[in-house]
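Structure first, commentary second.
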Amino acid sequence: MTGSQIRALCREGSFTGPTAGVASGYTQANLVVLPSEAAEDFEQFCRFNPKPCPLLEVTVPGSFEPTQLAPGADVRTDLPRYRVFRRGRPVERAISVEDYWRNDLVAFLIGCSFTFEKALLSAGVPVRHIEQGLNVPMYRTNQDCHPAGRFQGPLVVSMRPMTPEHAELATRVTADLQQMHGGPVQVGDPSALGISDLATPDFGDTVQIRPGEIPVFWACGVTPMEAIARADLELAITHEPGHMFITDILDEAARHDAR
């Protein structure tokens, strides 16, 4: 299915699941929506931390249409699920945020590692959460992001188990894909990131790790959610982890631009 077809299903409420492996070939994006008075600080946070927060598009205040990534789309309705924050606390997990929309809200679309998974599969690297029909496991780390204004917090990473040979290949495949988080931030040693138990991710699902496999960690677009939780904003909206906005941009074009 195309990005527009998936968005139509989201808009009518008939698709509400994770988007890993969905609309293969189309660029996926994390969503952050903030009041305009916080937008400058958050954009600077993204500039300071491009690995977890590669900016793809920023809308003008009040606009819910990402005109560069998906003209005609609506970020209020076209994601499978959303998370709504009040004063840093999640207050609702919704399938539409139309009732929350205001004329001062700014939407940020941030690159997602789900986009590079087609490249991994094409290179012969299995992706376990897709194999198992699960959401990717995500973990808070002991590494702090560079703060900007009111935004600060830890790096969040996604994890994919692989053989050492596949990990080396995956590193080469993703190294130049900076709009999709680029190469891994850590290979093989979760303790280096302060992760003590791979079986209990902070977000997403637990996936099988087979004998001879090692965990491979990429920077994750859930990182801004941790910064929002600490920023004490009156209102903020994000995607539900693993439930992305699917654009009209072909990921092959994004990979070509990266090269």
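Here are a few things to note about the model shown:
- The C-beta contact set for the range 92-120 (first residue in contact (Cβ under 8 Å) with a residue 60 or more places away in the chain and among the acidic types (Asp, Glu), second residue surrounded by fewer than 24 Cβ atoms within 10 Å (Cβ to Cβ) and assigned to a strand (DSSP E or B), distance under 6 angstrom, 6+ apart or interchain) comprises ASP104/PRO35.
- Residues considered: ARG210, ARG230. Of these, the only one that is of a type in the set (Lys, Arg) and assigned to a helix (DSSP H, G or I) is ARG230.
- Test for PHE85: is it assigned by TED's automatic domain parsing to the domain that holds LEU250, over 21 Å from GLN179 (Cα atoms), part of a loop (DSSP other than H, G, I, E, B) and not small (Gly, Ala, Ser): no
- Residue count, the range 12-50 (criterion: surrounded by 18 or more Cβ atoms within 10 Å (Cβ to Cβ) and assigned to a loop (DSSP other than H, G, I, E, B)): 7
- Residues that are free of Cβ contacts under 8 Å to residues at least 60 places away in the same chain and on the phi > 0 side of the Ramachandran plot, drawn from the range 9-64: GLY62
- The range 80-96 - residue that is over 15 Å from ALA236 (Cβ atoms) and not charged (D, E, K, R) and, of those, nearest to the chain's Cα centre (by Cα): PRO80
- Residue in the range 200-208 that is out of contact with any helix residue (DSSP H, G or I) (no Cβ under 9 Å at 6 or more places or on another chain) and of a type in the set (Ser, Thr, Tyr) present: yes
- Just one of the numbered conditions (1) charged (D, E, K, R); (2) over 24 Å from SER4 (Cβ atoms); (3) buried (at least 16 other Cβ atoms within 10 Å of the Cβ) is not true of ARG81: (2).
The values are calculated or read from the model by the stated rules, or taken from the named source; none is laboratory data. On a predicted model such as this, the values are computed, not experimentally measured, just so you know. Glycine also receives a Cβ, built like all others from the backbone with ideal geometry; neighbour counts cover every protein chain displayed.
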